Amino acid sequence: MATKISLNKSSLNKEKASLKTFNRYLPALELKRQQLMAERKKAELAVVEVRERIARVEDDIAGQLPMLACEDIDIDDLVKVTNVVLTEQNIVGTTVPLLERVEVEVKPYSFLTKPHWVDFLVEKLKEMVELYVESQVRELRYQEISAATRTTSQRVNLFSKVLIPRTKQNIAKIKIFLSDQDRAGVVNAKISKSKMDAAQALQAKERQQAAEQNAAAS
């Protein structure tokens, strides 16, 4: 529901001040929106890039280690993530996570009981778990930047499509009302003056008639 505005000079000055504020903030918001959109695109490409790296490692393992299909070789829990260290990065006023390092632990295994290719597998598994963690962090960065982009776009639309047009309409409405009041005041003043002039003329005529009657009587 639209807020009712007072049709007076004080309200007019208030609306003009609001319009000035809106016009000052809108360009900054629009610039922020454009910067966030660019950063969102970068984050999206980063997600695609890490997924491609994961796919390449998977293809590498599948191509070079077909023997993994052998169920007699226990390779469960060879590699596990023990710690993930994150920092924060400020991107156009939005705080997003930044991966600093991934700590991976390799389960001890006997070189005598495991085939020689397990060493290669361990290195690939380490690379894989690190990439998976990096993928999750990049996904989160993309989501955070996307949310900030949506919020900023909503604010840009609020200013450009709602607040500024409505404030301009309010200013025009108040100006029209005050202008009508001024014209009405001028008209009323002219009417009052005409009535006063007529009353004065009538009084003068009555005095003249009274003077003529007194002169005739004497």
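The values are calculated or read from the model by the stated rules, or taken from the named source; none is laboratory data. These figures come from a predicted structure and were not determined experimentally. Virtual Cβ from ideal backbone geometry, glycine too; neighbours counted across all protein chains shown.
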Residues in segment 123-168 that are more than 19 Å from the chain's Cα centre (by Cα), under 30 Å from Lys16 (Cα atoms) and surrounded by fewer than 17 Cβ atoms within 10 Å (Cβ to Cβ) total 1
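Within segment 16-34, which residues are free of Cβ contacts under 8 Å to residues at least 24 places away in the same chain and touching a helix residue (DSSP H, G or I) at 6+ places or on another chain (Cβ under 7 Å)?
Initially, segment 16-34 is screened for residues free of Cβ contacts under 8 Å to residues at least 24 places away in the same chain, giving 17, 20-21, 24, 27-28, 31, 34.
Within segment 16-34, no residue meets the criteria.
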Members of segment 1-44 found to be of a type outside the set (Val, Ile, Thr) and not in a helix (DSSP H, G or I), listed by number: Met1, Ala2, Lys4, Ser6, Leu7, Asn8
Check on Val156, hydrophobic (A, V, I, L, M, F, W, C), farther than 16 Å from Ala43 by Cβ and assigned to a helix (DSSP H, G or I): yes
Any idea how many residues of segment 165-193 are at pLDDT 70 or above and small (Gly, Ala, Ser)? 3
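For residues that are of a type in the set (A, V, I, L, M) and more than 18 Å from Val84 (Cβ to Cβ), tally how many sit in segment 133-149.
Of all residues in segment 133-149, those of a type in the set (A, V, I, L, M) come to 133, 137, 140, 145, 147-148.
Of the ones still in play, those that are also more than 18 Å from Val84 (Cβ to Cβ) are 145, 147-148.
The total comes to 3.
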